[in-house]
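J.: One structure follows; several queries about it will come next.
Read-outs throughout are calculated quantities, based only on the coordinates presented, and are distinct from any laboratory measurement. Because the structure is a prediction, the values reported are computed rather than measured. Counting neighbours? That spans all protein chains shown, and the Cβs are built from the backbone with ideal geometry, glycine included.
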Amino acid sequence: MSRSVIVEARDLSRHYEVSGGLFGKASTVQALSNVSFTLEAGRTLAVVGESGCGKSTLARVVTMIEPPSEGTLHIDGHTVDAGEPLDASARAALRAAVQIVFQNPFGSLNPRQTIGRILEEPVLINRPDLSKSARAERAREMLELTGLRPEHYDRYPHMFSGGQRQRIAVARALMLEPRILVLDEPVSALDLSIQSQVLNLLVDLQERLGLAYLFISHDLSVVRHMADDVMVMYLGRAVETASRDELFLSPKHPYTEALLSATPVADPTHQSTRIRLTGELPSPLDPPPGCAFNPRCRNVQADCRTSRPPLSPGDHRVACFHPV
Amino acid sequence: MALLDVQSLSVDFRTANGQFRAVDRVDVSVEEGDVLAIVGESGSGKSVSMLALMGLLPWTADITSDCMRFDGTDLATADAETRRRLVGRDVAMIFQEPMSSLNPCFTIGFQIREALKEHLDLSRSERQRRAIELLEQVGLPEPEKRLRAFPHQLSGGMSQRVMIAMAIACKPKLLIADEPTTALDVTIQAQILELLLDLQKETGMALVLITHDMGVVAETAQRVSVQYAGQKVEEQGVQALFAEPRHPYTSALLAALPERATTRHLPTIPGVVPGQFDRPSGCLFSPRCPHADERCGREQPTPADASLGHARCHYPLMAGVPRREAS
């Protein structure tokens, strides 16, 4: 497969204004700051991090649910620039090129629509030129592709189990023949025995359709199974990016190291050398000065508290003054 | 004698569509100082069986058992007052969602002191002192200040620490933790599990950990009980369970873990957990079991002996192969 770059994000940032209430001061949350990455067709970039690290904000920006506050995003030949509204044709093309699957299949499917209607809705909105029968045919095709049966077309979401609903959500995302699929915690609401079915489906679809995945997850064992490259985020910034094997075998950022060691291993004979992280995630409203991780870091030194380490160049990039 | 001895516990819910058996003849036995993990997928009845024990199920639930004894008291026949004295003092429980388990209208201090007031004979100042001590014990910084905080001012990890402080306030003999870390981030999960194990060692209480996460099981439990569709299908020591699962369900579940994968495709368990209307008449796992034969679809298996992990299976696995001898 040719290694064609399909998404290139440069210095993406997204800020939110938070009102301070009647007497407080309004302030800004930097949900996402200066995140850059590239994603190639047929490959998976996993984004990992804890709650509040900005991984879902990144998903919303890449899918253009929200515009970036700063930075540029090149997707499939189109450019999304902060501050410059897209023209209608570029927007339509991008809507079709990037699709998203959400975490909770119990919330993301309209309970009052049939599966057929749910699947056809994106086509109805984005491809009004397609006839009704063409839409229905495509919906049935997608049902088959995702391991569902054509007779499911007329049923309602409540008649399906969690795993089947997630298949429906994947089928809907594929209706517009996207090139990029943003998967926002696609299996974390599913039971273990169902999780593997959905992961296998995603692997198959990627092979058959050459999709690029932006795979957002907090579950490192799933990430290790699915990803080609991994980006670790902390408080809105990328702290480390590397290929999967590099990252899991020789993590360089103390946060990555701690995250890996905190993940429970399903092997009772495993000797865990757990790095204890004390404290909690700082509030994104009031990030600590210098490196955002410095209050919890075990390698912390004076310079970490005053200036922020930049992301190093190269293939294995790390934002740390004193890497492991 | 075991601290907790439950035999053949069944819970049926009266629903609009008839009876639904959520827990089916489950045995639980916990010794003092034990760490037992109950693992299973959603709908396996792992929470319901413990809620039945605590008396926290709604009136639509019919609970039957051969024996339900805790520390010499028969919970099945105990009157409401005896049960109230026991629950919260000798048996305590913490829940999955720490944020919604705390009452948002009252301070943390009020809620911890309430537990103390209800069960222990302490004066007001002693209760305050004990509350501070408890927050220190669960590792919350600045306890005096935290006692005046409301739940919305705490993070998820801190709320779970407060829940643990409330649960251990009266030095329980048994602590039941129902998915205590599922809503938390991994680094916080590691802290909370460590705290629970430290407290368990310190106080010698027994700990029952309900979870769906095999990683958590492997790192915390001594014994594991696996539930499927309301039945206990296997129980073994943690090392033995991971090394040699006896029930095909346990074996399939372990194989489906992404970290055990050797190929790009994960082994899967076909189908779904049976619901209210499609419960098989034979073994409940038989429609999804790779080793099932016609006997499995017809006859309900009975638990095997301890050497075979109490596996509720006609053909328990021996070194990964079903044992099919003439029986």
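J.: From the phi angles alone, apply the Karplus equation (6.51, -1.76, 1.60; θ = phi - 60°) to the range A:287-293 and give each ³J(HN,Hα) in whole Hz, x where the residue is Gly or Pro.
T.: After applying 6.51 cos²θ - 1.76 cosθ + 1.60, I find x, x, x, x, 5, 5, 8 Hz.
J.: To the nearest Å, what is the center-to-center distance of the range B:67-100 and the range B:212-280, using C-alpha atoms only?
T.: First find each Cα centre; the distance between them is then 28 Å.
J.: Taking the 0 to 90 degree range and rounding to the nearest ten, how far is the long axis of helix A:132-145 tilted relative to the main principal axis of chain A, both from C-alpha atoms?
T.: 50
J.: Now for a separate question. Quote the FRET efficiency, to the nearest 0.05, computed for A:R274 versus B:L122 with a Förster distance R0 of 56 Å and r equal to the Cβ-Cβ distance.
T.: 0.95
J.: Using DSSP to define loop residues, name the trypsin sites (Lys or Arg not before Pro) in the range B:254-327 whose beta-carbon has at most 14 other beta-carbon atoms within 10 Å.
T.: Here the trypsin sites (Lys or Arg not before Pro) that fit, given the DSSP loop and packing criteria, are B:R264, B:R324.
J.: Using R₀ = 56 Å, calculate the FRET efficiency as 1/(1 + (r/R₀)^6) where r is the Cβ-Cβ separation of A:R305 and A:A92; round to 0.05.
T.: So the FRET efficiency works out to roughly 0.70.
J.: Could you pull out which residues in the range B:101-124 have an amide N less than 17 Å from a spot 7 Å beyond the Cα of A:F23, following the Cα-Cβ vector?
T.: In the range B:101-124, the label zone of A:F23 (backbone N under 17 Å from the point 7 Å along Cα→Cβ) covers no residue.
J.: I would also like to ask the following. Cα-based Rg (one decimal) and Dmax (whole number) for the protein assembly as shown, in Å?
T.: Computed over the Cα atoms of the protein assembly as shown, radius of gyration and Dmax are 26.3, 80 Å.
J.: In the structure displayed, which of B:K171/B:K232; B:K117/B:K171; A:K55/B:K46; B:K46/B:K145 lie more than 25 Å apart, Cα to Cα?
T.: Violating the 25 Å limit, Cα to Cα: B:K171/B:K232; A:K55/B:K46; B:K46/B:K145.
J.: Can you tell me which of B:G156, B:G18, B:G230 moves the most in a GNM of chain B? Springs connect C-alpha atoms under 10 Å apart.
T.: Among B:G156, B:G18, B:G230, the largest mean-square fluctuation in the Gaussian network model of chain B belongs to B:G18.
J.: Compare the peptides B:165-178, B:196-209 by average per-residue count of other Cβ atoms within 10 angstrom and give them in order, highest first.
T.: Ranked from most to least packed, the peptides come out as B:165-178, B:196-209.
J.: Moving on to the next point. Explain nothing, just the number: relative contact order of the range B:84-161, from Cα pairs under 8 Å at least 6 residues apart, as a whole percent.
T.: RCO, the range B:84-161: 41 percent.
J.: Using a 10 angstrom cutoff on alpha carbons, build the Gaussian network for chain A and name the most mobile of A:R276, A:R296, A:R138.
T.: Of A:R276, A:R296, A:R138, the Gaussian network model singles out A:R276 as fluctuating most.
J.: Could you sort B:276-287, A:37-48 so that the peptide with the highest average Cβ count within 10 Å comes first and the rest follow in order?
T.: Highest to lowest by the protection proxy: A:37-48, B:276-287.
J.: Just the C-alpha atoms of the range A:60-194: what Rg/Rh do they give, with Rh taken as the Kirkwood radius?
T.: Using Cα coordinates only, the ratio equals 1.00.
J.: Right, another one. Quick query: amide H of B:V233 versus all other amide H atoms, modeled in the peptide plane; which residues come in under 5 Å with a sequence gap of 5 or more or a different chain?
T.: B:V226, B:Q227, B:Y228
J.: Peptide B:185-198: average number of partner chain Cβ atoms within 10 Å per residue?
T.: That works out to 5 on average.
J.: Residues of A:218-228, mean number of Cβ from any other protein chain within 10 Å of their own Cβ, rounded to a whole number?
T.: Average neighbour count from other chains, rounded to a whole number: 3.
J.: Right, here's the next one. Let me have the 222 nm mean residue ellipticity of chain B computed from DSSP H runs of 4+ only, each contributing -39500 (n - 2.57), with the sum over all residues rounded to the nearest 500.
T.: About -9000 deg cm²/dmol.
J.: In the range B:31-123, what GluC sites (Glu not before Pro) fall in a loop by DSSP, with at most 15 other Cβ atoms inside 10 Å?
T.: Here the GluC sites (Glu not before Pro) that fit, given the DSSP loop and packing criteria, are B:E31, B:E32.
J.: Right, another one. Whose amide H sits under 5 Å from the amide H of A:V80, counting only residues 5 or more places off or on another chain, with H placed in the peptide plane?
T.: Amide H to amide H, under 5 Å and 5 or more residues apart or across chains, A:V80 pairs with A:L73, A:H74, A:I75.
J.: Taking Rh as the Kirkwood radius, which is the inverse of the mean 1/r over Cα pairs, what is the Rg/Rh value for chain B?
T.: That ratio equals 1.00.
J.: Treating the angle as unsigned and between 0 and 90°, give the value, to the nearest 10°, between the Cα long axis of helix B:124-137 and the longest Cα principal axis of chain B.
T.: The two axes meet at around 50 degrees.
J.: Does anyone have the angle between helix A:88-97 and the longest principal axis of chain A? Alpha-carbon axes, 0 to 90°, nearest 10?
T.: Its long axis makes an angle of about 90 degrees.
J.: Calculated FRET efficiency, A:I65 and A:E246, Cβ-Cβ r, R0 25 Å, to nearest 0.05?
T.: 0.20
J.: What's log10 of I(q)/I(0) for the range B:174-327 at q = 0.19, 0.20, 0.21 Å⁻¹, Debye sum over Cα points only, no solvent?
T.: -1.23, -1.31, -1.38
J.: Further question on the same structure: Using only DSSP helix segments of four residues or longer, with each worth -39500 (n - 2.57), what per-residue ellipticity at 222 nm results for chain A after dividing by its residue count and rounding to 500?
T.: -9500 deg cm²/dmol
J.: Residues with amide H under 5 Å of A:V239's amide H, sequence separation 5 or more or different chain, H placed in the peptide plane at 1.01 Å from N; which?
T.: For A:V239, whose amide H was placed from the backbone, the distant partners under 5 Å are A:V232, A:M233, A:Y234.
J.: What does a probe at B:R148 reach in the range B:96-118, counting residues whose amide N is under 14 Å from the point 7 Å along Cα→Cβ?
T.: Flagged as within label range: B:107-110.
J.: Count neighbours as other Cβ atoms within 10 Å of each site's Cβ, and list the trypsin sites (Lys or Arg not before Pro) in the range B:80-170 that are DSSP loop with at most 14 such neighbours.
T.: Listed in order of number, the matching sites are B:R148.
J.: In a GNM of chain A with a 10 Å cut-off on Cα contacts, which of A:P282, A:P268, A:P309 has the highest mean-square fluctuation?
T.: Highest fluctuation of the listed residues: A:P268.
J.: Right, another one. Can you compute the charge dipole magnitude of chain A about its Cα centre, using +1 on each Lys and Arg Cβ and -1 on each Asp and Glu Cβ, nothing else charged? Give it in debye, rounded to the nearest 20.
T.: Roughly 440 debye for chain A.
J.: Any idea what the relative contact order of chain B is, in percent, if you count C-alpha pairs under 8 Å spaced at least 6 apart?
T.: Relative contact order here is 19 percent.
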